[in-house]
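Report on the following structure.
The values are calculated or read from the model by the stated rules, or taken from the named source; none is laboratory data. Only a predicted model underlies this, so the values are computations on that prediction, with no experimental measurement involved. Virtual Cβ from ideal backbone geometry, glycine too; neighbours counted across all protein chains shown.
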Amino acid sequence: MSRTRKTESTEAPRAPKITLSNLTPGYLGDIGLEDFLEGMEFTDLDLTEVDSTQATYLDCSLSRVNFGAAESPANLTGARFSGTKIEDCRADTWTMPRGSLLHTEISGTRIGAGVAHDSVWEKLVISNCRISYLNLRSAKLTDVEFRDCVIDEIDLDRSRANRVSFPGSKVGVLQCEGATLSNVDLRGLQPHKISGVHSLQGTTIDEMQLMLFAELFARELGISVE
């Protein structure tokens with residue numbers, strides 16, 4: 001009698017829960033250090049050099065917001081976004097280390113350098129975004145989906161990630177030295193460089209990727225193919 005071997009499938013990210021209604025118009029003067037902002041709608045604002053350190057955005061909407069130029073970005077260090085939508089925004093530098101994105105959606109946004117190391121991202125969808133460099137070193141990611149995004153380089157060194165996927169996205173460079181990964185779905189990605197091959201345990205790739213990545217794996221592991 002033959003036995004069928006049961007294989008475990010990769011768990012998909014769980015969707016955020018966002019309910020926005022009866023939002024109050026928000027203004028530049030409402031945003032400041034450690035402020036608690038709830039149920040507010042921010043539109044067409046320039047947050048250049050605004051200090052929003054450790055502020056909380058609860059059930060808010062931000063659309064067409066400029067988070068500042070590379071040399072004068074808004075400071076979102078330790079800020080917390082929950083139940084919030086961020087749409088059609090721009091950030092030459094997104095400065096949000098040690099921050100939190102919980103039950104949040106970011107869409108149609110262009111980010112030059114995303115500085116989000118040591119952050120906590122949970123139940124987050126990032127869709128149709130263009131990101132040059134995303135620093136998620138030592139971050140904790142749970143239920144995160146990058147959907148139809150273009151990311152030149154993503155740095156997951158020493159991060160912990162569970163249920164993360166990249167449907168329809170493109171990633172140029174993937175770094176994951178010392179990362180702890182589980183249910184991380186890399187299917188469809190074709191990075192031209194992978195750093196930290198030995199940390200890819202817990203990820204899922206398809207058969208085509210296995211063939212395409214062979215040279216990258218060999219190079220990373222110091223294997224000569226002659």
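Working only within region 40-63, note down all residues that are closer than 20 Å to ASN22 by Cβ and either in contact (Cβ under 8 Å) with a residue 24 or more places away in the chain or of a type in the set (Phe, Trp, Tyr) (or both).
Of everything in region 40-63, those that are closer than 20 Å to ASN22 by Cβ and either in contact (Cβ under 8 Å) with a residue 24 or more places away in the chain or of a type in the set (Phe, Trp, Tyr) (or both) turn out to be PHE42, THR56, TYR57, LEU58, ASP59, CYS60, SER61, LEU62, SER63.
In this structure, does GLU220 turn out to be over 27 Å from ARG110 (Cα atoms) and touching a helix residue (DSSP H, G or I) at 6+ places or on another chain (Cβ under 6 Å)? Break it down stepwise before answering.
Details: over 27 Å from ARG110 (Cα atoms): yes; touching a helix residue (DSSP H, G or I) at 6+ places or on another chain (Cβ under 6 Å): yes.
It is true that GLU220 is over 27 Å from ARG110 (Cα atoms) and touching a helix residue (DSSP H, G or I) at 6+ places or on another chain (Cβ under 6 Å).
Looking at region 214-225, is at least one residue closer than 21 Å to ASP88 by Cα and of a type in the set (A, V, I, L, M)?
Step one: filter region 214-225 for residues closer than 21 Å to ASP88 by Cα, giving none.
No, region 214-225 contains no residue that is closer than 21 Å to ASP88 by Cα and of a type in the set (A, V, I, L, M).
With closer than 15 Å to LEU101 by Cα and of a type in the set (D, E, K, R) as the only criterion, which of ASP157, ASP143 stands out?
Details: ASP157 fails: closer than 15 Å to LEU101 by Cα.
Being closer than 15 Å to LEU101 by Cα and of a type in the set (D, E, K, R) holds for just one of ASP157, ASP143, which is ASP143.
Whether any residue in region 67-77 is surrounded by fewer than 15 Cβ atoms within 10 Å (Cβ to Cβ), out of contact with any strand residue (DSSP E or B) (no Cβ under 6 Å at 6 or more places or on another chain), more than 25 Å from ASP118 (Cβ to Cβ) and not acidic (Asp, Glu) is what I want to check.
Checking region 67-77: not a single residue is surrounded by fewer than 15 Cβ atoms within 10 Å (Cβ to Cβ), out of contact with any strand residue (DSSP E or B) (no Cβ under 6 Å at 6 or more places or on another chain), more than 25 Å from ASP118 (Cβ to Cβ) and not acidic (Asp, Glu).
Somewhere in region 181-197, is a residue within 12 Å of the chain's Cα centre (by Cα), buried (at least 18 other Cβ atoms within 10 Å of the Cβ) and touching a residue at least 40 places away in the same chain (Cβ under 8 Å)? Spell out how you get there, then give the answer.
In the first step, residues of region 181-197 are kept if they are within 12 Å of the chain's Cα centre (by Cα); the result is none.
No; the residues of region 181-197 include none that is within 12 Å of the chain's Cα centre (by Cα), buried (at least 18 other Cβ atoms within 10 Å of the Cβ) and touching a residue at least 40 places away in the same chain (Cβ under 8 Å).
Please specify each residue of region 154-172 satisfying the condition of being surrounded by fewer than 22 Cβ atoms within 10 Å (Cβ to Cβ) and either among the acidic types (Asp, Glu) or at pLDDT below 95 (or both).
ASP157
Hey, does region 114-137 have a residue that's surrounded by fewer than 21 Cβ atoms within 10 Å (Cβ to Cβ), closer than 29 Å to CYS89 by Cβ and touching a Phe, Trp or Tyr at 6+ places or on another chain (Cβ under 9 Å)?
Yes: one or more hits.
Can you tell me which of (1) over 24 Å from ILE18 (Cβ atoms); (2) within 11 Å of the chain's Cα centre (by Cα); (3) in a strand (DSSP E or B) is the one GLU122 doesn't meet?
So the condition that GLU122 fails would be (1).
Inside region 108-133, can you point out the residues that are touching a residue at least 40 places away in the same chain (Cβ under 8 Å) and of a type in the set (A, V, I, L, M, F, W, C)? Step through it out loud before you land on a result.
To start, the set of residues in region 108-133 that are touching a residue at least 40 places away in the same chain (Cβ under 8 Å) comprises 112-113, 123-125.
Once the filter is applied, which keeps residues that are touching a residue at least 40 places away in the same chain (Cβ under 8 Å) and of a type in the set (A, V, I, L, M, F, W, C), region 108-133 yields ALA113, LEU124, VAL125.
Just the residues that are buried (at least 23 other Cβ atoms within 10 Å of the Cβ) and under 17 Å from THR204 (Cα atoms), please, taken from region 144-153.
We begin by selecting, within region 144-153, every residue buried (at least 23 other Cβ atoms within 10 Å of the Cβ); these are 144-146, 149, 151.
Those that are buried (at least 23 other Cβ atoms within 10 Å of the Cβ) and under 17 Å from THR204 (Cα atoms): VAL144, GLU145, PHE146.
Condition check ((1) within 19 Å of THR180 (Cβ to Cβ); (2) hydroxyl-bearing (Ser, Thr, Tyr)) across all residues:
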{"residue": "PHE81", "(1), (2)": "no, no"}
{"residue": "GLY108", "(1), (2)": "no, no"}
{"residue": "GLY114", "(1), (2)": "no, no"}
{"residue": "SER119", "(1), (2)": "yes, yes"}
{"residue": "SER127", "(1), (2)": "no, yes"}
{"residue": "ILE131", "(1), (2)": "no, no"}
{"residue": "ALA139", "(1), (2)": "yes, no"}
